[in-house]
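Below: one structure, written as structure tokens.
Here, each number is a calculation from the coordinates, and none is a lab measurement. Since this is a predicted model, take the numbers as computed values, not measurements. Here Cβ is always computed from backbone atoms with ideal geometry, including for glycine, and neighbour counts include all displayed protein chains.
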Amino acid sequence: MDWDHAIKRNSEVLAGIVETLFVMLGLVGEATVSRISWPAYRAVLRVLRPAESCLRRLIVVAARGLVIAPTVSRPKLAGAVKPGKRGISRPSFQLFDPQPRIVFPRRRISKRAVPRIHFFNTDGEFITIGPPIRPAKASTPARAKSADGMVNAARVIRRLEALDAALADLPRQAKRLVRWRMREEKSENPSFKTPLRPGRPPGSRRRDVHQVDELLSECQWLAWEAMKPDTS
């Protein structure tokens, strides 16, 4: 398989999707945005999540067979920041799929788990022995949305800029991944065996509704093929 051609072709498609996301946020030219409408925010996230998964899988493919010399960690200079695309510090792209949250069902305890004993005392009074009746919990009020229907866009913009910067420098991201693997091999308790979680990738949908869905399916296949051991 021509891995370099596969990386280049899929990276170009992903770059076009990323540019569309900037347009959806209104970040055209030197324009800045602090708040966006709720429908626009949801629409961007529906594409951003699978786009991030695509890039993680392209990084895995780019790191295939890559060997680098171990680096010596250097102390970070105080106050040193990396300028981003729009003059802010550039966040690092997350190389690992977010792990699925495991939510255990809460154990429901019956209100009458402990029996109450009712009887009349010597004075003819009706007596009840048992646990005290707990007062009903006040319902938590729902989180109120902003009156203007707008959402803070800072976090989603930083995620998009991290995606854009990492896509523009895939070799550097591949080296980051190789260094992580080298550290994990030396660790007695490795945190992950692979940056990709098993099963369906984050942001995937069972039915393609956007160009990024088809791209994610191809990148998923390429990544798992690249991680197979070389038996030649």
Check: Within region 8-56, which GluC sites (Glu not before Pro) sit in a loop by DSSP and count at most 11 neighbouring Cβ atoms inside 10 Å?
Finding: GLU30
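Determine, from the Cβ-Cβ distance of ARG197 and THR20 and an R0 of 41 Å, the FRET efficiency 1/(1 + (r/R0)^6), rounded to the nearest 0.05.
Working: r = 26 Å, r/R0 = 0.64.
Computed FRET efficiency for ARG197 and THR20 comes out at 0.95.
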Next item on the list: Using a cut-off of 14 Å between beta-carbons, work out the net charge of the residues near GLY16 (Lys and Arg +1, Asp and Glu -1, GLY16 not included).
Entry: -2
Note to self: Test of understanding: ordering HIS5, HIS210 by Cβ neighbours within 10 Å, fewest first, what list do you get?
What the structure shows: HIS5, HIS210
Notebook entry, point to check: Which aspartates and glutamates does LYS193 reach when only Cα atoms under 19 Å apart count, and residues fewer than 8 places away in its own chain are ignored?
Noted result: ASP97, GLU184, GLU185, GLU225, ASP230
Next item on the list: Sort PHE192, PHE22, PHE93 so the one with the fewest other Cβ atoms within 10 Å of its own Cβ comes first.
Entry: PHE192, PHE22, PHE93
Margin query: Quick query: amide H of SER37 versus all other amide H atoms, modeled in the peptide plane; which residues come in under 5 Å with a sequence gap of 5 or more or a different chain?
Written below: VAL151
